[in-house]
Amino acid sequence: MTSGMDVYGLLHTPISCYSKRVEGDGAEAMNASELMQRALSLSEKGYGKTYPNPIVGAVITDAAGTIIGEGCHQRQTSPDHAEIVAINSAQQPLKGATIYVTLEPCNHTGSTPPCTEAIIDAQFARVVISMRDPHEVASGGVERLRAAGIDVDLDVLSEAVQFSNRSWLHKIHTGRPRMIWKVAISADGKIAVGDGEPTWISSEESRADVQTLRAQSDAILIGTGTALSDNPHLIPRNTSGGKYPDRIVVGLREIPSTHNLHDSSAVTHFIKNQNPDKIVSELSSYGYNQVLLECGPTLGNALLGAGYIDELIIYRSPDSLGMEGAQLFENEKALLASAELMSQIAIGPDTKSHYFIAKRGG
Ligand code: AOF
Ligand code: ZN
């Protein structure tokens, strides 16, 4: 178990932008891993804004080690890859410069020309890469750059970068989005059973934290039960605008056209099916990297039982519900014992625990 502010404790909280700037003759130059850390921080600005593409950041230094350009990929506003955004931000010639990029530069013509060609044309001396690109269509960048006489270093900060891009990597490897089930439960593992009115178990602080989770996801999924009883909007409150996550409503019941989910603030897909395989196959067809589940126990446990939940985020309040509540998980003790606790932090009066369902390497 890890807790607190290590790299795994920063889940869904972008590592704040590295502020150390290099001045003068480069005597205090940031080392390769510090520069890659900066590229990683930049890439995280893309969370929720790049699907079906990965998050990618890039930093350019001159021969003295001074930062002269940087950028990240934000597909919703521009198809330009991070390398091109960084190159375009530089105000000086790039001959002999080094580019630090979190993902191997692409070697294909897709929405844009190959980044390898732009790097070769600009006469970079060195390319430092965190992780290689497993996406077949774009791969081969390292070989292309080396063939052009450019020095290429690999695997700088690769564990942290792979972790930050785990949803996209998961999609590339499995063909389906990474699914994160977020739940709020009482100290005794229960949810309120009520009269249809939304009942908040978690604190205001936890509910504010959920807004960040929403903003960093490509889609938010609920069942028709939640849609009918809570009439949610599912729009993150603290984003700087841009496209909001798609809304996915699963189940057979009709949602009246007056409900908030029918408004035009975000795309809504209605999946009229209760079969976990069918639900996930439709989600996969949309190309999402990450889907946040805010559904109730029936749908959540069905997807969990079918092996489709990859991560669990539990906001646990200090209060017990006793007889007033119903157990959320079918067998909480067994579930949590077999999961991997990645981080545990206090949020207001609540405890936020983040689990991976399948243990890494297990
Ligand atoms: C990105 N941003 O900064 C880098 C990417 O559809 P395309 O043409 O934009 O190509 C997407 C692929 O390009 C993506 O899956 C990844 O393999 C590679 N590199 N993609 O979206 C970037 N460097
Ligand atoms: Zn590219």
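If you build a Gaussian network model of the chain, linking Cα atoms that sit under 10 Å apart, which residue out of Ala227, Ala125, Ala64 swings the most?
The residue that fluctuates most here is Ala64.
Checking a compactness column here: for region 119-236, what do you get for Rg(Cα) / (2.2 N^0.38 Å), N being the number of residues?
So region 119-236 has a normalised radius of gyration of 1.63.
Around Pro318, with a cut-off of 12 angstrom between Cβ atoms, what is the net charge of the other residues, counting Lys and Arg +1 and Asp and Glu -1?
Summing Lys/Arg as +1 and Asp/Glu as -1 gives -2.
Please compare each pair in Lys171/Lys352; Lys190/Lys333; Lys45/Lys243 to a cut-off of 18 Å on the Cα-Cα distance and tell me which ones are over it.
The pairs that break the limit, which is 18 Å between Cα atoms, are Lys171/Lys352.
Rounded, prolate or oblate: which one fits region 261-330, using the alpha carbon gyration tensor with axes a ≥ b ≥ c (rounded when a/c is under 1.5, else prolate when a/b beats b/c, else oblate)?
Judged from the Cα gyration tensor, region 261-330 comes out prolate (a/c at least 1.5, a/b above b/c).
Taking a virtual spin label 7 Å from the Cα of Ser158 along the C-beta vector, which residues in region 109-129 bring their backbone nitrogen under 16 Å of it?
Of the residues in region 109-129, 127-129 have backbone N under 16 Å from the label point off Ser158.
Within region 161-185, find all residues whose amide N lies under 18 Å from a label point positioned 7 Å from the Cα of Leu335 along Cα-to-beta-carbon.
179-185
Which of Met323, Met342 has the fewest other C-beta atoms within 10 Å, and how do the rest follow up to the most?
The order, fewest Cβ neighbours first, is Met323, Met342.
Pick from Glu324, Glu34, Glu311 the residue whose mean-square fluctuation is largest in a GNM of the chain, springs joining Cα atoms under 10 Å.
Glu324
Starting from the Cα-Cα distance between Glu254 and Ala208, subtract it from 0.36 nm times their residue separation and give me the gain in nm to one decimal.
Taking 0.36 nm per residue and subtracting the Cα distance, the gain is 13.6 nm.
For the chain, what percent of Cα pairs sit more than 40 Å apart?
Summing the P(r) tail past 40 Å for the chain gives 20 percent.
Under the definition of Cα pairs under 8 Å and six or more residues apart, what whole-number percent is the relative contact order of the chain?
RCO, the chain: 17 percent.
Suppose each label sits 7 Å from its Cα in the direction of the beta carbon; what would the Glu136-Tyr286 distance come out to in nanometres?
About 2.7 nm, to one decimal.
Please work out whether region 101-159 counts as rounded, prolate or oblate from its C-alpha gyration tensor, where a ≥ b ≥ c are the square roots of the eigenvalues and a/c under 1.5 means rounded, while otherwise a/b larger than b/c means prolate and anything else oblate? The partial results should precede the final answer.
Numbers: a/c = 1.82, a/b = 1.06, b/c = 1.73.
Since a/c reaches 1.5 but b/c is at least a/b, the shape of region 101-159 is classed as oblate.
For Lys95, give me every one of the lysines with a C-alpha distance below 26 angstrom, ignoring sequence neighbours fewer than eight places off in its own chain.
Within the straight-line limit of under 26 Å, Lys95 reaches these lysines: Lys20.
Every number here is computed from the coordinates shown, using simple stated rules; none is lab data. Everything numeric in this text was worked out from a predicted model, so none of it was measured. Glycine also receives a Cβ, built like all others from the backbone with ideal geometry; neighbour counts cover every protein chain displayed.
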